[in-house]
1. When residues of region 89-114 are filtered for being in a helix (DSSP H, G or I), open to solvent by less than 80 Å² (accessible area, probe 1.4 Å) and either within 30 Å of Ala56 (Cα to Cα) or not polar (S, T, N, Q) (or both), how many remain?
2. Name the residue that is least open to solvent (accessible area, probe 1.4 Å), counting only residues in region 51-68 that are more than 10 Å from Cys31 (Cα to Cα) and in contact with a Gly (Cβ under 9 Å, 6 or more places away or on another chain).
3. For a quick check of your reading of the model, give me the residue pairs whose first member lies in region 49-65 and is basic (Lys, Arg), whose second is open to solvent by 40 Å² or more (accessible area, probe 1.4 Å) and part of a helix (DSSP H, G or I), with beta-carbon atoms closer than 8 Å and at least 6 apart or on different chains.
4. When region 69-88 is examined, which residues are found to be closer than 30 Å to Trp132 by Cα and open to solvent by 70 Å² or more (accessible area, probe 1.4 Å)?
5. Which residues, taken from region 115-150, are of a type in the set (Asp, Glu) and either assigned to a helix (DSSP H, G or I) or crowded, with 16+ Cβ neighbours inside 10 Å (or both)?
6. Can you tell me how many residues within region 34-46 are crowded, with 19+ Cβ neighbours inside 10 Å and assigned to a helix (DSSP H, G or I)?
7. Scanning for something part of a helix (DSSP H, G or I) and charged (D, E, K, R), does region 75-88 turn up at least one residue?
Amino acid sequence: FFFSHYTYALTNYCCYLLSGSQLHDIYLSSCYPIAGATFTLDGYFLQTLAAANVGAVSVLLVLLVRLFSGWGYVGSRLQSKVIEFEETGWYDGDIELKTEAEKARDMFLYRSDVKPVEDRLKLFAAGIGGLWLASIVGFNVAMSNKPLFD
């Protein structure tokens with residue numbers, strides 16, 4: 001489930017991301033309550049919003065790094081010239097060379113299924129990384145402002 005969203009067609013995937021469901025869910029479920037518990041006095045609403053935004057974008061960035069490492073692992077296994085057996089029985093750690101047909105099949109799978117997802121994840125990770133930097137700057141600006149008391 002977690003890895004499947006990134007295999008959607010690009011238009012469906014962009015609609016999924018633009019709906020803001022991931023950021024919105026993380027923001028409302030955990031980051032805003034934590035930031036609200038941190039800034040408990042009246043007048044710190046801007047600081048609360050900025051802190052919650054930094055937290056939500058940080059969680060998304062960590063999830064994207066995890067996704068990229070998982071898809072990268074699949075890609076490296078498909079590009080490898082050998083089959084490595086991992087924790088499958090008495091032949092743990094065994095290495096077997098792939099046949100030419102297996103190499104061709106794996107390269108086809110890599111190019112058609114894994115590489116586009118890796119490229120998409122790189123693009124979105126760069127975008128989320130930029131958003132994270134902007135959130136950090138916004139948080140620093142919000143913290144430098146004096147609170148507004150009624």
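The values are calculated or read from the model by the stated rules, or taken from the named source; none is laboratory data. Bear in mind the structure is a predicted one, so any value in this text is a computation, not a measurement. Positions of Cβ are backbone-derived with ideal geometry, glycine not excepted, and every protein chain shown enters the neighbour counts. Quick note on the areas: whole protein, heavy atoms, side chains included, nothing else; ligands and nucleic acids left out. Shrake-Rupley method; radii C 1.70, N 1.55, O 1.52, S 1.80 Å.
1. Start the filter on region 89-114 by keeping residues that are in a helix (DSSP H, G or I), which leaves 100-114.
From what is left, the residues that are open to solvent by less than 80 Å² (accessible area, probe 1.4 Å) are 101-104, 106-107, 109-110, 112, 114.
Keeping just the survivors that are either within 30 Å of Ala56 (Cα to Cα) or not polar (S, T, N, Q) (or both) gives 101-104, 106-107, 109-110, 114.
Total satisfying the criteria: 9.
2. Leu64
3. If the second residue must be open to solvent by 40 Å² or more (accessible area, probe 1.4 Å) and part of a helix (DSSP H, G or I), no pairs are left.
4. The answer is Tyr73, and nothing else.
5. If the condition is that a residue be of a type in the set (Asp, Glu) and either assigned to a helix (DSSP H, G or I) or crowded, with 16+ Cβ neighbours inside 10 Å (or both), then Glu118, Asp119 are the ones that fit.
6. Qualifying residue count for the region: 1.
7. yes
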